[in-house]
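Just below is one structure, and these are the notes that go with it.
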2 protein chains.
Amino acid sequence: MDKVLMAEVNISEGTNIDLVNEVKEALLSVDSIEVIDIDSNGDHNRTVFTYKGNPELVLEATKRLAKKAIELIDMTKHKGQHPRMGAVDVVPFIPVKNYTTEEAVEIAKRFGKFLGELGVPVYYYEDAQEKEYRKSLPKIRKGQYEALEEKMKDEKWQPDEGPKDFNAKSGATVTGARFPLVAFNINLETDNLEIGKKIVKSVRAATGGFTYIRAIALKLEDKNQVQVSMNMVNYEKTPIHGVYETIKSEANRYNVHIHDTELVGPVPLYALRDVLDFYIKISNTFSMDQIYS
Amino acid sequence: MDKVLMAEVNISEGTNIDLVNEVKEALLSVDSIEVIDIDSNGDHNRTVFTYKGNPELVLEATKRLAKKAIELIDMTKHKGQHPRMGAVDVVPFIPVKNYTTEEAVEIAKRFGKFLGELGVPVYYYEDAQEKEYRKSLPKIRKGQYEALEEKMKDEKWQPDEGPKDFNAKSGATVTGARFPLVAFNINLETDNLEIGKKIVKSVRAATGGFTYIRAIALKLEDKNQVQVSMNMVNYEKTPIHGVYETIKSEANRYNVHIHDTELVGPVPLYALRDVLDFYIKISNTFSMDQIYS
């Protein structure tokens, strides 16, 4: 069975097209990698490369991409709205098919060692990090690039790979493995943000809702609608249909209908399995591998 | 945008594994072809090769596969339960992505000419055939291999390509283009076949149901259930959710529930779009291209 791993590489350059293209060419120098998305954001001054393929090839492509980005990007000159601490800022490896999170962690660690040998301090996060206090990306990146030199002097914030001293040009990189994310928004036929906030409370983990849902309510000014914007961080354990049906019935309490929904960015095929199970009772003998495109 | 064409090649050999493997090797001699399924059936004495890829490469792979099958299979010795008239029996080309039925018809005709030059009589069917009376596969194949020699003497049944005379070893081949098929079964919590037959009447084209549904009711003896077994021949115009909801409500009339459903064989990703639209109101801005696996 073919194994598929995805990588989502965030680099700190989103305005210099020539530079982004050079980095892209380094990525494409590995055959058989399927590029899903390359998204440069000028305000963030950041580009996200999303691609997938055979895990060993994805690792090789990520090494080449990262080496080129570290060569070309000078963090001493970087400005942008998005939080960041390095030229190659964050690199999650995401198991897609016939691959475990544990295997993805191993790839992340091989990538981390490679970067360390290039002289870049590396922090592991999420499942690749054993120390609880430094598992989350926001905690590792707190203070951003500007605070990194001081932070690294703290014993608690010694990097997992690479030099123990600050590297001004590259900054530091965070890498690890995580489950594929689903970004799911539900637009409600109301302009009452309070209703949206009450509904959010019923679904998000922090307020007693579903364990794997992060959610906020926001107003879509141009549409007179309120949106429940969600990150589903484990669609297997907290599936799409459950969240949809819960929001539908909670909204009904306020006589509000769902107008429509949005799946944003790349969506793993396997996240749709439960929609087929729940709504059209697809039998257990069905395999998502039967689906082609 | 990458174009994807699928081919489903039915050859008249399903018991001689060595022979099937030789034919498979001819197929695999073309790089970058993705094999979806190879299904040999001993009772039918027939093998179906399903694969997809770049249309020109699919054509080339199909030529090589067909040439090898024609070289190895002798129809004068063929026995099997499935209707057939040739060593390479039926070859539909199926547009999958960024490809039109018209373009698929053109590929089918280039394949037909190739077979004709090899000395095999070829009939076009479905969208590749202009004469109404010989558009359908069952009509072309009526009488099967055994009746072919006589049939070809009739002016109405002269082949579209190749020799006008019977070729005893190869028989004749039918090729053309068709929309991707979805095989969808709905299992009902009843052992009453009459109820199944009434429900079938409400959905199948021949009895006033949906235009693109062919359906039969049959008893699943081992499960005490009745199955509505369907071929959906155009999932865009007659979508999955409409058929499911209609059968659900018709069954309800007889106090029968749907137990589960089956999607059989390869399922085109795009056939799932309407399930997302109908059940979770996915917005028009969503593209199935966002889905990865």
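Every number in this text was worked out from the coordinates using simple rules, so none of it is lab data. Please read all numbers here as calculations on a predicted model, not as lab measurements. We place every Cβ from the backbone using ideal geometry, glycine too, and count neighbours over all the protein chains shown.
Each other copy holds its own label point for B:GLU130; taking that point as 7 Å from Cα along Cα to Cβ, the gaps run 7.5 nm, nearest first. Toward the positive end of the charge dipole of the range A:1-119, with +1 on the Cβ of Lys and Arg and -1 on the Cβ of Asp and Glu, the farthest Cα among A:VAL91, A:ILE33, A:LEU115 is that of A:LEU115. For the range A:4-177, the convex hull drawn through the C-alpha positions has a volume of 93 cubic angstrom per residue. Position A:ASP74: other-copy label points at 7.9 nm, ordered by increasing distance, label point 7 Å along Cα→C-beta. Two numbers describe the Cα atoms of the range A:90-162: Rg and Dmax, which are 12.8, 42 Å. Relative contact order for chain A: 15 percent, from Cα pairs under 8 Å spaced at least 6 residues apart, divided by residue count. Quote the FRET efficiency, to the nearest 0.05, computed for A:GLU245 versus A:GLN158 with a Förster distance R0 of 51 Å and r equal to the Cβ-Cβ distance. My answer for the efficiency is 0.65.
Distance from the axis that maps chain A onto chain B is least for the Cβ of the chain A residue given, with the whole Å value, as A:TYR279, 2. Residue by residue, the range A:123-129 carries 3J(HN,Hα) couplings of 10, 8, 9, 6, 5, 7, 10 Hz when phi is fed to the Karplus relation 6.51 cos²θ - 1.76 cosθ + 1.60 (θ = phi - 60°); x denotes Gly or Pro. Relative to one another, the C-alpha centroids of the range B:251-269 and the range A:32-51 are positioned 40 Å apart. Against chain B, whose longest principal axis comes from its Cα atoms, helix B:101-117 is set at around 30 degrees. The distance between label points at A:HIS257 and B:TYR254 comes to 3.4 nm (points 7 Å beyond Cα on the Cα→Cβ vector). Centroid-to-centroid, using Cα positions, the range A:101-148 and the range B:83-111 are 51 Å apart. For the protein assembly as shown, what Kirkwood radius comes out of the mean inverse Cα-Cα distance, in Å? Final number for the Kirkwood radius of the protein assembly as shown is 27.4 Å. Using only alpha carbons, the range B:40-105 has a radius of gyration to Kirkwood radius ratio (Rg to Rh) of 1.02. Which GluC sites (Glu not before Pro) does the range A:4-89 hold that lie in a coil by DSSP with at most 13 other beta carbons within 10 Å? Within the range A:4-89, no GluC sites (Glu not before Pro) qualify (loop, at most 13 other Cβ atoms within 10 Å). Here B:GLU221 and A:GLU22 are evaluated by their C-beta separation; at R0 = 45 Å the FRET efficiency comes out at 0.10. Axis angle, to the nearest 10 degrees, between helix B:17-28 and the longest C-alpha principal axis of chain B: 90 degrees. Relative to the compact-globule estimate of 2.2 N^0.38 Å, the Cα radius of gyration of chain B comes out at 1.07. Taking other residues whose beta carbon is less than 14 angstrom from the beta carbon of A:THR50, and scoring Lys, Arg as +1 and Asp, Glu as -1, yields -1.
Inter-copy label distances for A:SER249: 2.3 nm (label point placed 7 Å from Cα along Cα→Cβ; shortest first). Cross-link check: pairs B:LYS219/B:LYS248; B:LYS77/B:LYS139; A:LYS248/B:LYS281; B:LYS142/B:LYS201 evaluated at a Cα-Cα cut-off of 20 Å; pairs beyond the cut-off: B:LYS77/B:LYS139; B:LYS142/B:LYS201. The angle between the Cα long axis of helix A:55-72 and the longest principal axis of the Cα atoms of chain A comes to about 60 degrees, rounded to the nearest 10. Rg over Rh for the range A:166-286 works out to 1.07, using Cα positions for both radii and the Kirkwood form for Rh.
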